[in-house]
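FYI, it's all coordinate maths here, none of it is from the lab. As the structure is a computational prediction, the values presented were derived from the model and not from experiment. Glycine gets a Cβ as well: all are built from the backbone with ideal geometry, and neighbour counts include every protein chain shown.
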């Protein structure tokens, strides 16, 4: 019989060899909700509910793709980030919990702020830009990316979530046009920061499916995106403006030194929820 309980147990059984039991159980909850409309609470209250054959077929197809190595978020076409359901495609990275920490730092420091100009460089799915726009509804947020495919996803997400204060534009983070006058109060970026040498230690699901252009930097220049954005920020940040980065913990010291060498003030390297040096925060150089 195709009861909720039996289907859930079957999903866990099928996926555990590939992702581990804890992750398989989490995926089972997500799959049941997405494919069958069965929430976690409903699965507990009514485990004997029968699912239609068509629903079971869809669940089987999803489980098969995940078992073959495809990330569940790409199979479903969406990811949950800070309570938001965001469209994701192979042109965009899957948002990570570490990135939510970067948003929290900014919203904690600017709670209740109005009339700020913010730009998220390398926006991907738009997760940072949209989260900031929702938390700071009286501020204007620009979501920038070099990928037109990623911008289409970010634009869809901004519209779907009702964030009319988000504007999407195409920019190359390595060739940013220097403004004639300062434009922004906040510049934030989670650019590519994984070196090619680190590939050997990465999950095949990431390597095989997520966009390499949004992940990797050359081994001999791991700070290339940060340097380009920081140089841009010297001109683009307004007085007392702030620059925020998500960083590779392996290069935290190098990041701090680079930002100080460019005269940024109050440079602070902060840790993520796992205790890793994950964020760089600093103030605009004195003008």
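Annotations
- Remark: relative contact order (the chain) = 13 percent; criterion is Cα-Cα distance under 8 angstrom and separation of 6 or more residues.
- Note on residue 283 and residue 238: the extension gain reaches 15.2 nm, defined as 0.36 nm multiplied by sequence separation minus the Cα-Cα distance.
- The angle between the Cα long axis of helix 21-36 and the longest principal axis of the Cα atoms of the chain comes to about 80 degrees, rounded to the nearest 10.
- Calculated [θ] (222 nm, deg cm²/dmol) that DSSP helices of n ≥ 4 give over the chain, each run adding -39,500 (n - 2.57): -13000 deg cm²/dmol
- Descending by average beta-carbon neighbour count within 10 Å, the peptides 118-129, 158-169 line up as 118-129, 158-169, the highest first.
- Stretch gain in nm, segment residue 265-residue 96, where the contour uses 0.36 nm per residue and the Cα spacing is subtracted: 58.0 nm
- Here the label points at residue 164 and residue 57, each 7 Å from Cα along the C-beta direction, are separated by 4.3 nm in the simple model.
- For the range 222-269 versus the range 171-202, the gap between their alpha-carbon centres in whole angstrom: 10
- Based on Cα contacts under 8 Å between residues 6+ apart, the range 4-68 shows a relative contact order of 40 percent.
- For the chain, the longest principal axis of the C-alpha atoms and the axis of helix 224-236 are separated by about 50°.
- The angle separating the long axis of helix 97-109 from the principal Cα axis of greatest extent in the chain is about 50 degrees.
- Estimated FRET transfer efficiency when R0 is 25 angstrom, pair residue 41-residue 85 (beta carbons, to 0.05): 0.90
- Rounded D (µm²/s) - the range 1-126, Kirkwood Rh over Cα pairs, Stokes-Einstein at 20 °C, 1.002 mPa s: 130
- Our Cα-only numbers for the chain put the radius of gyration and Dmax at 20.8, 71 Å.
- Global geometry of the range 4-68, whether rounded, prolate or oblate, following the gyration tensor of its Cα atoms and the 1.5 cut on a/c: oblate
- Shape call, the range 152-277: gyration tensor on alpha carbons, a/c limit 1.5: oblate
- Model label sites at residue 250 and residue 207, defined 7 Å from Cα along the beta-carbon direction, differ in position by 1.3 nm.
- Pairs of Cα atoms nearer than 8 Å and 6+ residues apart set the relative contact order; for the range 182-235 it is 46 percent.
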